[in-house]
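Visitor: Can you keep this structure in mind? I'll have questions shortly.
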Number of protein chains: 2
Amino acid sequence: MAQKPSIPKGTRDFSPVEMARRNYIFDTVKVIFQRYGFQPIETPAMENLSTLMGKYGEEGDKLLFKILNSGDFISKVPESELQERNSIRLTNRISEKGLRYDLTVPFARFVVQHRNDISFPFKRYQIQPVWRADRPQKGRYREFYQCDVDMIGSTSLLNELELVQIINDVFSALKVNTVVKINNRKILAGIAETIGEAERIVDITVAIDKLDKIGLDKVNQELLDKGVSETAVEKLQPILKLSGSNAEKLDQIEAVIGGSEVGSKGIEEMRTLFAYLSGFELNTEVELDLTLARGLNYYTGAIFEVKAKDVQIGSICGGGRYDDLTGIFGMPDVSGVGISFGADRIYDVMTQLELFPESTVASTKVMFVNFGAAEEAYCLPILAKLRAAKINAEIYPEPAKMKKQMTWADRKQVAFVAMAGEEEMKQEKVTLKNMKTGDQQLLSFEELINILSE
Amino acid sequence: MAQKPSIPKGTRDFSPVEMARRNYIFDTVKVIFQRYGFQPIETPAMENLSTLMGKYGEEGDKLLFKILNSGDFISKVPESELQERNSIRLTNRISEKGLRYDLTVPFARFVVQHRNDISFPFKRYQIQPVWRADRPQKGRYREFYQCDVDMIGSTSLLNELELVQIINDVFSALKVNTVVKINNRKILAGIAETIGEAERIVDITVAIDKLDKIGLDKVNQELLDKGVSETAVEKLQPILKLSGSNAEKLDQIEAVIGGSEVGSKGIEEMRTLFAYLSGFELNTEVELDLTLARGLNYYTGAIFEVKAKDVQIGSICGGGRYDDLTGIFGMPDVSGVGISFGADRIYDVMTQLELFPESTVASTKVMFVNFGAAEEAYCLPILAKLRAAKINAEIYPEPAKMKKQMTWADRKQVAFVAMAGEEEMKQEKVTLKNMKTGDQQLLSFEELINILSE
């Protein structure tokens, strides 16, 4: 019996129109990555579970897609374990591989595995799908693409500068208005240290993060509820009320946390980065934002997040500096910094704002109408000439009704239709119809090639 | 503890150099597919197992990578089934999705699922990885790329012509000498029918296929051993001794199987295709080859296989016509024809023959040496100008030792190195070193941009 075909929840097919638009984003991003000296790598879809497990927290472990071992996987499972019916324990027995969850951990694994072949500092980009067994919802998929660009093996803040420039160049090219929010993990650590709550950095950041939503009073209450002392909350007030330019904000922060060594280092880093940035005209806004709390468990310096200004959507790009990403794979003390562009969200933003150029869609320049055997034989050598001249050209494969062929060309958004019947054949010419304007011209082969090459 | 990182057997990482070479193949193929009016689609890495199972034979079912259901998958398995310890049966309980095994079945599923949005005839290409749990060996991987191009919804032999033209254009562009072997399932059916062994088409073809290896006598013996009658084997002799041009071969075949309706249809199809092909100058040889037996269980007309002439390796491209691919998904009687380029084997052939152009590898045009803060500040605006002029440019991120920076540029195959020390800064100039020739020039910014834009 016939099956009704479908695809797994949270996955998608991409039609030619969607492919053209997605490739427009990927191609833009790639060209700019290369302009800054980054080179592509790719890693396998499958990684050993030993590489992936424990890298994304307990929740992440659950969201990994695991691949069943081949062959007679169940025969080797001890009876007692089978009886236990513990899915997590059993997974270790019957699965050794998983689908990659992001591009960062595979990159760290790549760097360590190929350390002898790599010249550090290593600048790589990687554009590949990742898979997460998340609950699918609007804008969240189980298969989606990340576009990562990372530099590993240099502590210079020049790298942070270049990442902001890349963000600026990418979104300028795509015509998306953005603001880059920047924070620094060292400043957050300095704050926690200054108020005597060095261990509470996450609690404090999470509370600060709610400022916009719940207001200052409630944030203060939450901090007290979490056991932060009244003195500490008092000390925090200037930080919660930050205002002015990035430089002014840094001054205000320094007044509070200047006594902390790590905090001062963070302020210095930010001042250096903003000084670098002041030398360039950027389309994107750059804003110091202490509420930015992404990746606090692995970022050690700058933290980046990019928001689209004209669409209500989560961040469309983000990243930061990590001082020990490769340590988990036995290669300590290698600092890196990187960002990841979320292709699917950028696609959604551009669709909503109608930012895709019309020309990304059409791919065939001219379709020859098929009037029958004799006309077909007349057209085939012309078609070959056009293709040799690098013009995308095709002939309808059958002598179907004219209307059917024209509808097909129209739906495919072919720019021109070429027709050669008895009259054209006698004159050794072709009639070319512009599908947009409806204009028709009788042309020699040479004229045809010239017009279609434009 | 540190883990020693590795990747699953049969999978690969791709370095920047390998990526550049692979992209050279993919880009060449894509451009030519588009030149013939084919448009890209993509499908998810994961398909429902109901879509995949039973489509590749019993062996294929085993070679599918299956994905473990998320959550508490084992709790719902009945006790009796658990006790049975039958891995195949259990798989159905704990896995619903698998990784795609080829691009053909997902394409058939795509066509049926989106039938209302597609204008037939539908010409699509698809370049994506596929996964097979095969035993890894030299040249055979568990993750590899296919480049498929198919036309569905037209029975015209013009489509077969265009596929041969595409093969010719792709391998001409890649400079690989090839021979395209063509067979026709209908001719094979005509042979089997004529000798009164219509059901034995596969046995007969498999025997014929051994002609080169074991010789005529042993082939005849094998046919007799398989129960083909002596009269039938006698009748087969002219077919086994085919010689001459493609047209002559078709005449010899016709003399034997002209009485078979399906056989005559196959001969007619081949004559039409060869007549089409005679109108074009092709670099690739085209050869009728009855021993070609790929995909006999689903191909219904032409069968294609492409061999590299200068390297001993399996086929590097293949395909054929299928009259009912979408029938399994409830959409009968849609004829299609397509071919698949094996990117990994093409890569191996091109590596062996050293066919990759040198220019595919390098990506950065110029690297600025970093001499320290003042020199860096002088270089950054120049760097921005170069990038604005679409030149791939970078600066070494730290004021490391000169030798280290030059070695880095050299290993990355950067074409030029730019240097600006005290003297250059005073003169508002830059020294540019050609890394290939060693030549150095003192240049103004404008001259620099002009030279690097060449």
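Visitor: Run through the stretch B:42-108 and list the trypsin sites (Lys or Arg not before Pro) located in a DSSP loop whose Cβ has at most 13 other Cβ atoms within 10 Å. List each step's numbers first, then the result.
Guide: Numbers: sites: B:LYS55, B:LYS62, B:LYS66, B:LYS76, B:ARG85, B:ARG89, B:ARG93, B:LYS97, B:ARG100; in loops: B:LYS55, B:LYS76, B:ARG85, B:ARG100.
Taking the stretch B:42-108 and a limit of 13 other Cβ atoms within 10 Å, the loop trypsin sites (Lys or Arg not before Pro) found are B:LYS76.
Visitor: How large is the charge dipole for the stretch A:366-453, taken about the Cα centre, if only the Cβ atoms of Lys, Arg (+1) and Asp, Glu (-1) carry charge, to the nearest 20 debye? Let's see the in-between values first.
Guide: Numbers: 12 positive and 12 negative charges, 85 e Å.
Charge dipole, the stretch A:366-453, about its Cα centre: 400 debye, nearest 20.
Visitor: Based on other C-beta atoms within 10 Å, arrange A:LYS307, B:LYS309, B:LYS265 from fewest to most.
Guide: Result, fewest neighbours first: B:LYS309, B:LYS265, A:LYS307.
Visitor: So, with +1 on the Cβ of K and R and -1 on the Cβ of D and E, and no other charges, what is the size of the charge dipole of the stretch B:16-353 about its Cα centre, to the nearest 20 debye?
Guide: Values: 41 positive and 49 negative charges, 202 e Å.
It works out to roughly 960 debye.
Visitor: Still on this model: Kirkwood Rh, the stretch B:198-292, all Cα pairs: how many Å? Mind dumping the intermediate values first?
Guide: Numbers: mean 1/r = 0.0688 Å⁻¹.
The Cα-based Kirkwood calculation yields 14.5 Å.
Visitor: In addition: Rounded to a whole number, what is D in µm²/s for the stretch A:339-381 from Stokes-Einstein with the Kirkwood radius over alpha-carbon pairs (25 °C, 0.890 mPa s)? It would help to have the intermediate numbers written out before the result.
Guide: Working: Rh = 14.2 Å.
In µm²/s, the coefficient is 173.
Visitor: Calculate the length of the line joining the C-alpha centroid of the stretch B:44-88 to that of the stretch A:313-392, in whole Å.
Guide: Cα centroid to Cα centroid, the span is 34 Å.
Visitor: If you split all Cα-Cα distances of the stretch A:232-340 into 5 Å bins from zero, what percentages do you get per bin, shortest first?
Guide: Reading the bins upward from 0: 2, 10, 16, 21, 21, 15, 10, 4, 1.
Visitor: Restricting attention to the stretch B:124-170, which trypsin sites (Lys or Arg not before Pro) occupy a DSSP loop and are surrounded by at most 12 other Cβ atoms within 10 Å?
Guide: Numbers: sites: B:ARG124, B:ARG132, B:LYS138, B:ARG140, B:ARG142; in loops: B:ARG132, B:LYS138, B:ARG142.
Taking the stretch B:124-170 and a limit of 12 other Cβ atoms within 10 Å, the loop trypsin sites (Lys or Arg not before Pro) found are B:LYS138.
Visitor: So how many Å³ per residue does the convex hull of the Cα atoms of the stretch B:308-454 work out to?
Guide: Values: hull volume 30.2 nm³, N = 147.
Given the Cα convex hull of the stretch B:308-454, per-residue volume reads 206 Å³.
Visitor: Let me confirm one metric for peptide A:156-166, namely the mean number of other chain beta-carbon atoms within 10 Å of its residues' beta-carbons. Present the calculation step by step, with values, prior to reporting the outcome.
Guide: Details: counts 8, 1, 7, 2, 0, 2, 5, 0, 0, 4, 0.
Mean partner-chain Cβ count within 10 Å for A:156-166: 3.
Visitor: Another question, if that's okay. Test of understanding: express the Cα radius of gyration of the stretch A:42-161 as a ratio to 2.2 N^0.38 Å, with N the residue count. Write down the numbers at each step before the final one.
Guide: Working: Rg = 17.6 Å, N = 120, 2.2 N^0.38 = 13.6 Å.
Ratio of Cα Rg to 2.2 N^0.38 Å: 1.30.
Visitor: Be a star and scan the stretch B:207-234 for residues whose amide nitrogen sits under 16 Å from the point 7 Å along the Cα-to-Cβ vector of B:GLU199.
Guide: Counting backbone N atoms under 16 Å from the label point, the list is B:226-229.
Visitor: Can you compute the radius of gyration and Dmax for the stretch A:366-453, using only the Cα atoms, both in Å?
Guide: Cα radius of gyration and Dmax of the stretch A:366-453 are 11.7, 31 Å respectively.
Visitor: Assuming a ≥ b ≥ c are the square roots of the Cα gyration tensor eigenvalues, decide whether the stretch A:394-445 counts as rounded (a/c under 1.5), prolate (otherwise, with a/b larger than b/c) or oblate. Could the numbers behind the result be given before it?
Guide: On the way: a/c = 2.29, a/b = 1.35, b/c = 1.70.
Verdict is oblate for the stretch A:394-445.
Visitor: Put the label 7 Å from Cα along Cα→Cβ for B:LEU211; what are its distances to the other copies, in nanometres, shortest first?
Guide: Inter-copy label distances (nm, one decimal, shortest first): 8.3.
Visitor: Give the residue list of GluC sites (Glu not before Pro) in the stretch A:216-313 that are DSSP loop and have at most 11 other beta-carbon atoms within 10 angstrom.
Guide: Values: sites: A:GLU222, A:GLU230, A:GLU234, A:GLU248, A:GLU254, A:GLU261, A:GLU268, A:GLU269, A:GLU281, A:GLU285, A:GLU287, A:GLU305; in loops: A:GLU281.
Within the stretch A:216-313, the qualifying GluC sites (Glu not before Pro) (loop, at most 11 other Cβ atoms within 10 Å) are A:GLU281.
Visitor: Among A:PRO397, A:ALA384, A:MET419, flag the residue with its Cα farthest along the positive direction of the charge dipole of the stretch A:366-453, charges on Cβ as +1 for Lys/Arg and -1 for Asp/Glu.
Guide: After comparing all options, I get A:PRO397.
Visitor: Moving on to the next point. Taking the beta-carbon count within 10 Å as an exposure proxy, list A:THR178, A:THR194, A:THR155 from fewest neighbours to most. Working shown, then result.
Guide: Numbers: A:THR178 25, A:THR194 21, A:THR155 17.
Starting with the residue having the fewest Cβ neighbours, the order is A:THR155, A:THR194, A:THR178.
Visitor: Would you kindly work out, in nm and rounded to one decimal, the distances from the label point of B:THR272 to those of the same position in each other copy, ordered shortest first, with label points 7 Å along Cα-to-Cβ?
Guide: 7.2
Visitor: Over the Cα atoms of the stretch A:290-343, what Rg and Dmax result, in angstrom?
Guide: 13.1, 44
Visitor: Next up: Quick one: length gained pulling A:LEU240 to A:PHE445 fully straight, 0.36 nm per residue minus the C-alpha distance?
Guide: Working: separation 205, 0.36 × 205 = 73.80 nm, distance 7.27 nm.
So the chain would gain 66.5 nm between A:LEU240 and A:PHE445.
Visitor: On average over all directions, what projected area in square nanometres does the stretch B:16-353 have, based on the convex hull of its Cα atoms?
Guide: Details: hull surface 82.4 nm².
Mean orientational projected area (the stretch B:16-353, Cα hull): 20.6 nm².
Visitor: Something else now. Please report Rg (one decimal) and Dmax (integer) in Å for the Cα set of the stretch B:100-205.
Guide: Values for the stretch B:100-205 (Cα only, Rg and Dmax): 17.7, 46 Å.
Visitor: Using the crude model of +1 on Lys and Arg Cβ and -1 on Asp and Glu Cβ, and no other charge, please compute the dipole size for the protein assembly as shown relative to its Cα centre, in debye to 20.
Guide: Numbers: 114 positive and 130 negative charges, 178 e Å.
Dipole magnitude for the protein assembly as shown comes out near 860 debye.
Visitor: Compute the FRET efficiency between A:ASP209 and A:LYS9 as 1/(1 + (r/R0)^6), taking r as their Cβ-Cβ distance and R0 = 25 Å, and round to the nearest 0.05.
Guide: 0.20
Visitor: Next up: Taking each label point as 7 Å beyond Cα in the direction of the beta carbon, state the distances from A:ASP117 to the same residue in the other copies, shortest first, in nm.
Guide: For A:ASP117, the inter-copy label distances come out at 3.9 nm.
Visitor: Further, regarding this structure: Over all residues in B:13-22, what is the mean tally of Cβ atoms on other chains that come within 10 Å of each residue's Cβ? Intermediate values should be presented prior to the final figure.
Guide: Values: counts 9, 7, 9, 9, 2, 3, 7, 2, 0, 2.
Counting other chains' Cβ atoms within 10 Å and averaging over B:13-22 gives 5.
Visitor: For the protein assembly as shown, what is the per residue volume of the convex hull drawn over the alpha-carbon atoms, in cubic angstrom? Before the final figure, lay out each step's value.
Guide: Values: hull volume 188.9 nm³, N = 908.
So the per-residue Cα hull volume is 208 Å³.
All of the numbers you see were taken from the coordinates with simple rules; none came from a lab. As the structure is a prediction and not an experimental result, all values here were calculated from the model. So basically every Cβ, Gly included, is an ideal-geometry build from the backbone, and we count neighbours across all protein chains shown.
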